[in-house]
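Okay, structure first, notes after.
The values are calculated or read from the model by the stated rules, or taken from the named source; none is laboratory data. The structure displayed is predicted, hence computed values, not measured ones. Methodologically, a virtual Cβ is constructed for each residue, glycine included, from the backbone with ideal geometry; neighbour enumeration extends over all protein chains shown. Side chains are part of the model used for accessible areas, which takes the heavy atoms of the whole protein and leaves out ligands, DNA and RNA. Shrake-Rupley method; radii C 1.70, N 1.55, O 1.52, S 1.80 Å.
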Amino acid sequence: KPMFGAYKNLIKSIQARLPQVKIVLLDIYYPNNLQYTQFHSIIKEWNSMIYDFAEKPKNNIYGVIRISSHLTQNEDFSFGIEPSSSGGKKIADLILSTN
């Protein structure tokens with residue numbers, strides 16, 4: 001929770017410095033590698049906090065890109081956790097398709 005507080009403060013400071021900017025947040029994907037599945041519950045909690053934060057009109061968030069819904073295949077990852085070239089392309093396409 002303290003880390004999410006720092007995350008919110010960062011977003012609010014960006015908004016204060018650049019009030020005309022539309023901020024779009026990205027959630028965290030769930031790596032399929034068995035070494036990292038132990039963190040899925042933490043990722044789920046973090047993503048839930050992002051969704052809740054973005055839904056509140058007072059926070060002035062333009063939207064959330066749910067990359068967790070798109071990076072789901074083993075070939076989307078390199079070294080079990082990093083987005084591969086195909087995973088990176090999916091993320092870039094999602095960002096570019098945001099209006």
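Structure summary
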| item | result |
| --- | --- |
| Between 0 and 90°, nearest 10: helix 2-17 axis offset from the chain longest Cα axis | 50 degrees |
| For the chain, the longest site-free run once chymotrypsin sites (Phe, Trp or Tyr not before Pro) in DSSP loop states with at most 15 other Cβ atoms within 10 Å are removed | 1-35 |
| Per-residue [θ]222 nm for the chain (sum of -39500 (n - 2.57) over DSSP H runs n ≥ 4, rounded to 500) | -14500 deg cm²/dmol |
| Members of Lys56/Lys90; Lys44/Lys90; Lys1/Lys44 lying beyond 23 Å, as alpha-carbon distances in this model show | Lys56/Lys90 |
| Aspartates and glutamates whose Cα lies under 12 Å from that of Lys8, excluding same-chain neighbours fewer than 8 positions away | Asp52 |
| Residues whose placed amide H lies under 5 Å from that of Val64, excluding near-sequence neighbours | Leu25 |
| Spatial separation of Cα centroids for segment 63-99 and segment 13-34, in angstrom | 14 Å |
| For the chain: accessible area per residue (Å², 1.4 Å) | 68 Å² |
| Principal-axis tilt of helix 40-55 within the chain, Cα atoms, nearest 10 degrees | 30 degrees |
| Residues with amide H under 5 Å from that of Phe77, placed H, sequence gap 5 or more | Ser84 |
